[in-house]
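Comments concern the structure below.
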Amino acid sequence: MNPDRLKEENDMHERAHPKRARRAIIAVLSTTTLIAALAACSGSDENPDDGSDAVDEPVELRIAWSGSEDRTQRTQEALDLYTELNPNVTIEVEYTTSTNFWDRLTTQVAGGNAPDIIQMSGQILAQYASNQVLLPMDDIIGDAISVEGWDEGLLEAQTIDGVLYGVPPGVDGHAMMYDATKLEELGIEPPADDWTWEDFAEITTAISAAAGDGYYGSEDGGPQYEVLQTFLAQRGKLLFDEDGQLGFDEQDLTDIWTMFTDLRLAGATVPPDLQTAQGANPENSGVVQGYAAFDFTTSSQYTNFVGLSPNKVDMVTYPFADDGEPGQIWRSGLAWSITRTSPDVDEAAKLIDFLVNDSEAGAILQTTRGVPAAPQIREEVREQVDEVEVRSFEYLDTILEFGATATPIFPPGFGDVRDLYQRLYYEVAFERLTIEQAVEQFFAEAPGYLA
């Protein structure tokens, strides 16, 4: 495992959210100035591809992404192969960290200088699409970019109001990492994949009691929206309804925050001062740092945890509801999108098709953006990776067998709702608000952030 993957963008662990970046995005993207700037730069909405089929004509493309060094190195290697196969094409790469990525992209978009291809996030996609930054891709899917045999849910997860805005390179699922060595030392059986929230409470409490001061059964899942998403799925609900409004009520929020508050007060979960101090990345997880047995994350982080932890790490599903409802979640959190200002849409589409559908590219990229989305590439890569990487494939199979549902596109304003959710939970955890007060405040403020 390459330790450079520590730096990988991790939506699940962004407890220290990039507020500065998001504020900048909202500030810019919510203005008509942006739309005017885009229109002025593009000249028209018709993507001024000259329509030439002369493949030998020089082509210049710009592509931007964020993520780990491993992701960057592998992506660069795949792009080098592409230019070797297509010597008329030159590709300018723009890579930076997750937070800086959105800052930089916001500036580029406002200045009409966005890259041709952007690695989008499902948390931002709706914001960019609604502000006409991204090119509708329906017309180029099937011809320029093959999605034959793909799970329809993968593309639906990138579709807004019937319009496709991105092609996902990979898939992962909500998953809990745990310190298998620690559980063995404590004589505690690891959980099965159909464990429940009641099991979770019993096991984490037992771990804390057996391990003594300074060691906890689990990181606190109370501030994480992904945990709420699973909790709601187990009740047949969503974070947001079809109109982009809250899809749950006060009782749901009271129930999940009460559950985690009880666990925290029982000493089963990491206290808030420690959790907030450690930050968001996998290297700071209690599982890696040796002060917690479980952590809520995604299956794409498994190799990171394995590589970082001195102990043996395994992963298990998020706990089922006590009535046995799985409520498991998979997601295609990233996508390759084309900007409306791209002067050469056909070539941009051709490059995306190569990245997601070419066998040689798949062998290079492997699981740097999750288990490959293209079925053929997924099977090919599965035969190529080591046993650690294979575990990610197996885990995805497991949650799909449990009927896992896809994470939908979140509406504009999601980031503010997410931060509000996290902030108010910590207000409860630090005993500055009661659960009742925090729930009331959440439902008073959150609707105002949603379009």
* Return a yes/no flag: does segment 247-269 have any residue that is basic (K, R), part of a loop (DSSP other than H, G, I, E, B) and surrounded by 16 or more Cβ atoms within 10 Å (Cβ to Cβ). => no
* Structure fact -> Counting only residues that are assigned to a helix (DSSP H, G or I) and either open to solvent by less than 10 Å² (accessible area, probe 1.4 Å) or of a type outside the set (S, T, Y) (or both), segment 92-123 contains a total of 10
* Asked: Assuming G286 fulfils every condition listed in (1) open to solvent by less than 10 Å² (accessible area, probe 1.4 Å); (2) under 17 Å from the mean Cα position of the chain (by Cα) apart from one, which condition is it?
  -> (2)
* Asked: Can you tell me how many residues in segment 418-437 are assigned to a helix (DSSP H, G or I) and either under 25 Å from the mean Cα position of the chain (by Cα) or under 17 Å from Q251 (Cα atoms) (or both)?
  -> 13
* Out of segment 223-264, which residues are in contact with a strand residue (DSSP E or B) (Cβ under 8 Å, 6 or more places away or on another chain) and in contact (Cβ under 8 Å) with a residue 24 or more places away in the chain? -> Q224, E226, V227, Q229, T230, A233, Q234, L239, F240, L246, F260, L263
* helices (runs of 4 or more DSSP H) completely within segment 281-397 that count 3 or more residues being within 19 Å of L79 (Cβ to Cβ) and of a type in the set (D, E, K, R) -> 345-357
* Which ones in segment 231-246 are open to solvent by 70 Å² or more (accessible area, probe 1.4 Å) and under 20 Å from the mean Cα position of the chain (by Cα)? -> L238
* For V316, are the conditions met, namely being on the phi < 0 side of the Ramachandran plot, free of Cβ contacts under 8 Å to residues at least 24 places away in the same chain and either open to solvent by less than 20 Å² (accessible area, probe 1.4 Å) or in contact with a helix residue (DSSP H, G or I) (Cβ under 8 Å, 6 or more places away or on another chain) (or both)? -> no
* Do the conditions hold for T405, that is, is it touching a strand residue (DSSP E or B) at 6+ places or on another chain (Cβ under 8 Å) and either open to solvent by 30 Å² or more (accessible area, probe 1.4 Å) or among the aliphatic types (A, V, I, L, M) (or both)? -> yes
* Asked: Which of the following residues is in contact (Cβ under 8 Å) with a residue 40 or more places away in the chain, more than 17 Å from A64 (Cα to Cα), open to solvent by less than 50 Å² (accessible area, probe 1.4 Å) and in contact with an Asp or Glu (Cβ under 8 Å, 6 or more places away or on another chain): A157, A126, A175, A144?
  -> A144
* Is there a residue being at pLDDT 95 or above, among the aromatic types (F, W, Y) and closer than 15 Å to D172 by Cα anywhere in segment 328-351? -> no
* T205 vs. criteria among the hydroxyl-bearing types (S, T, Y) and either open to solvent by less than 30 Å² (accessible area, probe 1.4 Å) or not in a helix (DSSP H, G or I) (or both) -> no
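The values are calculated or read from the model by the stated rules, or taken from the named source; none is laboratory data. These figures come from a predicted structure and were not determined experimentally. Every residue, glycine among them, receives a Cβ derived from its backbone with ideal geometry; neighbour counts consider all protein chains shown. Ligands, DNA and RNA are stripped out before the accessible areas are found, and what is left, the full protein with its side chains, is counted by its heavy atoms. Shrake-Rupley method; radii C 1.70, N 1.55, O 1.52, S 1.80 Å.
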